Amino acid sequence: MDLAGRTALVTGASGGIGAELSRRLAEAGAAVAVHHRDSEADALAVAEAVRAAGARALVVQADLGEAAAADALIDRVERELGPVDVLAANAGLGQSARWQDVDAEAFDRMYAVNLRAPFLLARRVLPSMAGRGYGRVLFTSSIAALTGGIVGPHYAATKSALHGLTHHLAARVARDGVTVNAIAPALIAETRMLPGEPAELAERIPVGRLGTPAEVADLALAILRNGYVTSKVIAVDGGLYPV
Ligand SMILES: NC(=O)c1ccc[n+]([C@@H]2O[C@H](COP(=O)([O-])OP(=O)(O)OC[C@H]3O[C@@H](n4cnc5c(N)ncnc54)[C@H](OP(=O)(O)O)[C@@H]3O)[C@@H](O)[C@H]2O)c1
């Protein structure tokens, strides 16, 4: 299943995993909408890399904590790059907090960015994907969804909820050439989201090191290329969770 000529939207493309995923999609021949919230300079650098790979790039800004942002983001991408064939709903909040310190506001903010926004983005692009008989939706979950993790209860809960979303949506569009999956990384280097000191965190991983954005992107590309993998949550975790 070729990604050449497809249009992809990568949210959180200014971050470590999204940047690498954007570059890899461009190398595969997809036009890429490079989304960011605050890190514009990083997004511009990723867009340059996309163009250097010979693909079209569009830099798009949105705070996905805002309920209206998903629709506005898709409107802009459709207007400037065309219908979205590949949605990598990857942006996420990962503020560490003890469960005792997570109040309603912190919980709601995490829920809005990590769960509601991926749903609203998917809800918006799936009808068009199904109508065109091709589509790929990939959520970035976390191994914390399966283990509970070390970031916080709100983080683990929103990531687990992405799995239910994956299974529900996947079943409804499976006959339309559209796959819906999630990847669940463990601790990944070269990101801003590491909840601690890298060497200490690496001790928790059976393979003895952090993962890399390239290893996450490798798995993502394999899933995005495959029309027979759907409704799956696939971990890339150095052996942390034994399934
Ligand atoms: N790093 C890890 O160890 C790890 C492990 C498991 C899962 N993950 C997941 O991987 C995904 C990518 O994160 P990363 O590891 O690449 O971390 P990162 O480098 O911190 O990137 C996070 C990205 O999310 C964006 N973002 C944060 N809040 C946002 C909001 N309110 N609206 C829109 N965008 C927002 C950031 O945009 P700006 O910087 O432009 O504001 C940035 O592009 C996340 O969903 C994360 O939960 C990461």
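For this structure, a couple of remarks:
- Sparse-neighbour loop sites [GluC sites (Glu not before Pro); the stretch 158-218; at most 11 other C-beta within 10 Å; DSSP]: 203
- Listed residues 27, 80, 105, most fluctuating in the chain (Gaussian network, C-alpha, under 10 Å): 105
- Dipole size of the chain about its Cα centre, with +1 on Lys/Arg Cβ and -1 on Asp/Glu Cβ: approximately 820 debye, rounded to the nearest 20.
- Only one residue of 186, 229, 149 has its Cα farthest out toward the positive end of the dipole of the stretch 116-242, where Lys and Arg carry +1 and Asp and Glu -1 on Cβ, and that residue is 229.
- Cα gyration tensor shape for the stretch 7-236, rounded if a/c is under 1.5, else prolate or oblate: rounded
- Exposed trypsin sites (Lys or Arg not before Pro) absent: longest stretch of the chain, with sites in DSSP loops and at most 15 other Cβ within 10 Å deemed exposed: 1-97
- Gyration tensor verdict on the stretch 184-243 (Cα atoms; rounded if a/c is under 1.5, prolate if a/b is larger than b/c, oblate otherwise): prolate
- Relative contact order of the chain, defined on C-alpha pairs under 8 angstrom at six or more residues apart (%): 19 percent
- Reducing the stretch 1-59 and the stretch 183-226 to their Cα centroids gives an inter-centroid distance of 19 Å.
Every number here is computed from the coordinates shown, using simple stated rules; none is lab data. As the structure is a computational prediction, the values presented were derived from the model and not from experiment. Virtual Cβ from ideal backbone geometry, glycine too; neighbours counted across all protein chains shown.
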